[in-house]
2 protein chains.
Amino acid sequence: MNPQKQVSLNLNVRGLGQSATLAIKDRCRALRRSGREVYDFGLGQSPFPVPEPVVEALRAAAGQKDYLPVMGLPELREAVAAHHRRTDGLNVSADNVLVGPGSKELMFLVQLVYYGEIMLTPPCWVSYWPQARILGRRFSLLHSDFVRHWKIDAAQLAQSIELVGDDHRPRLLVLNYPSNPTGSTYDEHELKALAEVARRFGLIVLSDEIYGQLHYHGRHVSIARFYPEGTIVSSGLSKWCGAGGWRLGTFTFPNELDWLANALATVASETYTSVSAPIQHAAIRAFSGCPLIEDYLAHTRRILAAVAQRICPILNEAGVRVHEPDGAFYLFLDFNSFAAALAGRSIADGRTLCERLLAETGVAMLPGAAFGRGRRDLTARLAFVDFDGAAALEASRGVGLERPLPAGVVERCCARVVDGVRRIAEWAAS
Amino acid sequence: MNPQKQVSLNLNVRGLGQSATLAIKDRCRALRRSGREVYDFGLGQSPFPVPEPVVEALRAAAGQKDYLPVMGLPELREAVAAHHRRTDGLNVSADNVLVGPGSKELMFLVQLVYYGEIMLTPPCWVSYWPQARILGRRFSLLHSDFVRHWKIDAAQLAQSIELVGDDHRPRLLVLNYPSNPTGSTYDEHELKALAEVARRFGLIVLSDEIYGQLHYHGRHVSIARFYPEGTIVSSGLSKWCGAGGWRLGTFTFPNELDWLANALATVASETYTSVSAPIQHAAIRAFSGCPLIEDYLAHTRRILAAVAQRICPILNEAGVRVHEPDGAFYLFLDFNSFAAALAGRSIADGRTLCERLLAETGVAMLPGAAFGRGRRDLTARLAFVDFDGAAALEASRGVGLERPLPAGVVERCCARVVDGVRRIAEWAAS
């Protein structure tokens, strides 16, 4: 036997599949290639193009070839800090900012360098615990439910810690709002209460605010306002700027957590080195903001809100429970009231539900289990992004922001989304 | 006491400094800002601009915003495979290629997913064992010396394995040629002998060929020609294409190691996701090649060879031992014959040597210890890249490739390099 043919893999990695969101994208590509009509509500990619001033900035930076500083280009770090001062009211400077190749990578590095327990709040983003598993990290779960809009609350947080009997254990709580996969967000009152508990137990809060700029009413509030000394704010270009494929995320650390920021930078210098130079130069423009970008944001928010408003009633009327989101482009669908009927169709878990739905209607969604719900839980995430964002933007701009968006814009520009959602409703009720 | 102020860090990371090459770059920046003249021979960044057709391709791709497949854009994977078929005679296809944000990141992921011993050959590239340390991996070292041009040989490799008494232990041998930090490369005969030992013990060879295209005579040979079933070829845009700051590296796996490629892709999907989309689109152009890029390569090789030829004698005549390199842009300087004289100046290790040299002459180099040599070893790496690559390219193009490069071009365009090297020689002899 030739020994090199033996598979010799880290057991933390063995058996782990590809990220669920990326896998569904590959599957939709393959189905479309085979000629099937697919409603791709799987991957959460912004449907909108990158704003033109930012694309123009990338063209202008195409010749930038130097390795940039590990923490990021100083001008970009300043632009990110200024962005958080301006939009979130945070008291931060360039020194607080770390730029990475996507906030996902930075979250992985935090889990790598930090020694402590990771606290997650399912349903929550798909990659948090595969990362913990790859690194062999310990994590704990704070569950929620439909009635609480899939959110945790301060009393639950305090209780979950007190029950363990180790109040001063190093803990890192990951919050994400507006939430992927639910679209719900925390209000100021809820955040203040959570901040108080976090302070009492000395938690580090990793506040994933990548959808903050996609709050439909532009009223996103960061928990860092109430717990600045213990909060890392995570953001990036992927969602509000439509540039997921560019791969640029940012972490903003308080001075008190400089030891953690420095450890991340050390590992960054031995792994990804720095973010692509042309992308960093272009990102300065994105974070600096300008009237054109403000206009873009206002229109994208208005379109997403209108789509959500159009499709939620279709689902609720069919008995698929769903909350209207506060921001982002997700709905978290609860089919549990159909449990008996679905069982009669041999559907007893979320994964089978999504597979059968895809096979029978062409609609791709991800099961709740990918977001930390139980396997038998009949929930699924719908990313309502399968429409031509450029056309929708143009139509919305034609109306102007002073008037409400006519219903016809969604019907015309986002017909695929409405169609796909109707198919879900019909399929559930059939 | 507020518990979150406690530092709670992974012990594998604690105390680890920033990558030595990046740290020296930051230090040179700071010294220059303070008005000091600095000869920056620290960071190994190509002095040449990115070829214009590749910059143009990035401009054209500025609007590309989609998340790309984890393994890379299919057209890019095909271009990389075709590049290796054309320039290295390897029998590979797009399916064998994985694209990552720099080959450094891919090497880290290999160390993360692979379960086995990592074999390194110091003096070798700075990041291999900090990566192993961060991940808590076991590694072993195969040392070399000046007389052997800092290379290992087949007999040494076989012996080092046999001595352990565990022939079938999973092992991954990292080879890098032309070498950073020495500029030496292996010839066909040496590679065949190493390949034979690798096959006998079922080693995986990670063949870091990032400088392959910078072999001065265009005669780089890959060990994958002789050990295709067990070799991963590492390459990227950073060196031959002058695009270090773009962050794009590639691994090409044999079919036999698909389990390792798939595990890397899984972890990639949970960390960096995919390489920046505009960069991937531009890289297709770089790997596809064209007469303009061939011309660029021919001139950059000629210039680097001429600079090496100009400066090596200055050092050797002063008693600083150095081999003329076969490729890349490094010299590995051996000051050990000055040990007694340097001891008289309170210099007893490589780090002090480099610090005093920087303080007393303005020349920045990295000590051999950064490349795995002993602390007391009086060696240092010189990256002869502190010159205006665009101007040198223009001057070389003015001469044409059919005639030899006139000595005046190096004197005129690379005066800083020659000056800096003279300072080293004078300082050593003083």
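List of remarks:
- Working ranking of peptides A:212-221, A:229-238 by packing, defined as the average number of other Cβ atoms within 10 Å per residue, highest first, is A:229-238, A:212-221.
- When the alpha carbon coordinates of segment A:52-288 are projected onto the principal axes, the ranges are 56, 40, 30 Å, largest first.
- Annotation: lysines with alpha-carbon distance below 25 angstrom to B:Lys25 (same-chain offsets under eight excluded): A:Lys65, B:Lys104, B:Lys239.
- Shielding of A:240-248 by partner chains, average beta-carbon count, 10 Å: 6
- Amide N of segment B:96-126 lying under 19 Å from the label point, which is placed 7 angstrom from the Cα of B:Glu256 along Cα→Cβ: B:96-98, B:114-119
- For the protein assembly as shown, the antiparallel share of DSSP beta bridges with both residues in that region comes to about 50%.
- Compactness index (Cα Rg / 2.2 N^0.38 Å), segment B:136-203: 1.13
- Each stretch of four or more DSSP H residues adds -39500 (n - 2.57); spread over every residue of chain B, this sum gives -13000 deg cm²/dmol at 222 nm.
- Close amide H pairs (under 5 Å, H built 1.01 Å from N) link A:Asn176 with A:Asp208, residues at least 5 positions away or on another chain.
- Carbon plus sulfur fraction of accessible area for segment B:83-134, probe 1.4 Å, in percent: 47 percent
- Note on the protein assembly as shown: the C-alpha convex hull projects to 37.7 nm² when averaged across all orientations.
- Summed over all non-identical Cα pairs, the Kirkwood treatment of segment B:182-283 gives a radius of 15.1 Å.
- Across segment B:88-96, computed HN-Hα scalar couplings (Karplus, 6.51 cos²θ - 1.76 cosθ + 1.60, θ = phi - 60°) run 10, x, 8, 9, 10, 10, 3, 4, 7 Hz from first to last residue, x flagging Gly and Pro.
- The packing ranking of peptides B:153-159, A:115-121, highest mean first, is A:115-121, B:153-159, where packing means the average number of other beta carbon atoms within 10 angstrom of each residue.
- Long-range amide H partners of B:Phe139 with built H, under 5 Å: B:Ile118
- Label 7 Å beyond Cα on the Cβ vector: A:Arg376 copy-to-copy distances, nm: 6.9
- Residue mean of other protein chain beta carbons inside 10 Å, B:278-285: 3
- Amide H contacts under 5 Å for A:Gly102, placed H, 5+ residues apart: A:Leu248, A:Gly249
- Comparing B:Glu190, B:Glu324, B:Glu402 in a Gaussian network model of chain B (Cα springs below 10 Å), the most mobile by mean-square fluctuation is B:Glu402.
- For segment B:28-123, the direction-averaged projected area of the alpha-carbon convex hull comes to 10.9 nm².
- Placing a label point 7 Å from Cα along the Cα-to-Cβ direction at B:Asn255 gives distances to the equivalent points in the other copies of 6.1 nm, listed shortest first.
- Packing order of peptides A:412-419, B:98-105, B:142-149, B:50-57, highest average first: B:98-105, B:50-57, A:412-419, B:142-149 (average count of other Cβ atoms within 10 Å over each peptide's residues).
- Cα→Cβ-extended label distance, 7 Å offset, between A:Ala359 and B:Ala415, nm: 7.6 nm
- Label positions at B:Val7 and B:His217, each projected 7 Å from the Cα along the C-beta direction, are separated by 5.2 nm.
- Cα-based shape type of chain A, given that a ≥ b ≥ c are square roots of the gyration tensor eigenvalues and the cut on a/c is 1.5: rounded
- Phi-based couplings in Hz for segment B:360-373 (Karplus 6.51, -1.76, 1.60; Gly and Pro marked x): 8, 10, x, 8, 9, 9, 10, x, x, 4, 5, 10, x, 6
- Interface residues of segment B:58-103, defined as those losing at least 50 Å² of solvent-accessible heavy-atom surface relative to the isolated chain (probe radius 1.4 Å), are listed as B:Arg59, B:Ala62, B:Lys65, B:Tyr67.
- Ranked from shortest, the separations from the 7 Å Cα-to-Cβ label point of A:His189 to its equivalents in the other copies are 8.4 nm.
- Probe 1.4 Å, protein heavy atoms only - accessible area per residue of segment A:52-288 in square angstrom: 29 Å²
- Shielding by other protein chains, A:111-120, mean Cβ within 10 Å: 3
The values are calculated or read from the model by the stated rules, or taken from the named source; none is laboratory data. Note that the structure is a prediction, hence the values are computed from the model and not measured. All Cβ positions, even for glycine, are placed from backbone atoms using ideal geometry, and neighbour counts span all protein chains on display. These accessible areas exclude ligands, DNA and RNA; they are computed on the full protein's heavy atoms, side chains included. Shrake-Rupley method; radii C 1.70, N 1.55, O 1.52, S 1.80 Å.
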